[in-house]
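See below for the structure under consideration.
The values are calculated or read from the model by the stated rules, or taken from the named source; none is laboratory data. Predicted model only: the values in this text are computed from it and were never measured. Reconstructed Cβ throughout: ideal geometry from the backbone, glycine too, with neighbour counts over all protein chains shown.
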Amino acid sequence: MRLFDSHCHLDDASYDRDRRDVLERARSAGVEAIMMVGIDIPRSRKAVSLAETHDGIFAAVGVHPHDASQCSEAVLAELRQMAAHPRVMAWGETGLDFNRMYSPREVQEKWFRRQIEIASERDLPLIFHERDSGGRFLKILREFGRVRGVVHCFSGNQNELDAYLEMGLYIGITGIVTMQDRGRDLRTMIAGIPESRLLVETDAPYLTPAPQRNRHRRNEPAFVRSTLLKVAEVRKTAPEAMAEAVWDNTCRLYGIQPSEISIS
């Protein structure tokens, strides 16, 4: 059973002491590919560097909505140069987050639009972040017509899910699906997501799934297996078939040739 962690932050400093061991555990768990997602210039640069030196790791570059106040045309110009690297297969993480409000709404929206434009210019799929945007996220996406991408860590409602699917977007499922209370609504909605649109992810080092969350505070790519198994259980699908479908979906979205992947 081969697995693809479609969204993680293995560039996080919490892995600096044992990143090699983390990758070894991922390989042992059947994780053959990882998408490492940037959130600003330093973290995007680190993601590209790690993708360049490790088979099976790919990178995305972008500015997270939390960091939108530090964005500028100069920042985007540098990220655009990084995006030319052959291991960069997506743009993100970008979007809107009106929950914690680390950056003002108008600033988030300005740089969200610019990043959609740049990703389109470079023909890269987008990795979207949305939280409590009150419909603004969808409104901005609709300004651009159909865009390629994934709504990572989906935690919205049924109406939002329907809108994302209608737009042709993929849906990223995290360890939230394994959580008894927090994941209840998500488990209900998963049955209605077409198999061809499902991705699984860790968002590591965050959102550790059950049962690992009982023993580990830090999430890691190996734990995406638990998320996949729960998705298969909820959808009443054989885990091997579910894993293969999700693998194909992730490679298709990111434009990756499956035959060339092997973590090392």
Problem - Per-region count, segment 193-202, residues closer than 20 Å to Arg148 by Cα, of a type outside the set (A, V, I, L, M, F, W, C) and either part of a loop (DSSP other than H, G, I, E, B) or in contact (Cβ under 8 Å) with a residue 60 or more places away in the chain (or both) - result: 2
Exercise for the section: Among the numbered conditions (1) crowded, with 23+ Cβ neighbours inside 10 Å; (2) modelled with pLDDT under 95; (3) not hydroxyl-bearing (Ser, Thr, Tyr), tell me where Phe4 comes up short. Expected result: (2)
Handout entry: Within segment 149-168, tally of residues that are under 22 Å from Ala204 (Cα atoms) and either surrounded by fewer than 24 Cβ atoms within 10 Å (Cβ to Cβ) or not β-branched (Val, Ile, Thr) (or both)
Key = 6
Exercise for the section: Please give the number of the condition Gln115 fails out of (1) surrounded by 13 or more Cβ atoms within 10 Å (Cβ to Cβ); (2) closer than 23 Å to Ala245 by Cα. Expected result: (2)
Handout entry: Those residues of segment 220-264 which are free of Cβ contacts under 8 Å to residues at least 60 places away in the same chain and not in a helix (DSSP H, G or I), in sequence order
Key = Arg235, Lys236, Thr237, Ala238, Gln257
Problem - Of residues in segment 179-223 being aliphatic (A, V, I, L, M) and within 18 Å of Ala26 (Cβ to Cβ), the one farthest from the chain's Cα centre (by Cα) - result: Ala222
Problem - Pick from segment 94-112, criterion among the basic types (Lys, Arg) and more than 20 Å from the chain's Cα centre (by Cα), ranking: surrounded by the fewest Cβ atoms within 10 Å (Cβ to Cβ) - result: Lys110
Exercise for the section: Could you check how many residues of segment 177-218 are surrounded by fewer than 24 Cβ atoms within 10 Å (Cβ to Cβ) and in contact with a Pro (Cβ under 7 Å, 6 or more places away or on another chain)? Expected result: 1
Exercise for the section: Could you tell me which residue of segment 48-106 is modelled with the highest pLDDT, considering only residues that are among the charged types (D, E, K, R) and part of a loop (DSSP other than H, G, I, E, B)? Expected result: Arg87
Practice task
Inspect all residues belonging to segment 127-141 and state whether any of them is buried (at least 23 other Cβ atoms within 10 Å of the Cβ), touching a Phe, Trp or Tyr at 6+ places or on another chain (Cβ under 9 Å), aromatic (Phe, Trp, Tyr) and not in a helix (DSSP H, G or I).
Solution key: yes
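To keep it simple, each residue is scored yes or no on (1) under 20 Å from the mean Cα position of the chain (by Cα); (2) closer than 21 Å to Met35 by Cβ; (3) small (Gly, Ala, Ser).
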| position | (1), (2), (3) |
| --- | --- |
| Gln70 | no, no, no |
| Gly92 | yes, yes, yes |
| Ile116 | yes, yes, no |
| Leu141 | yes, yes, no |
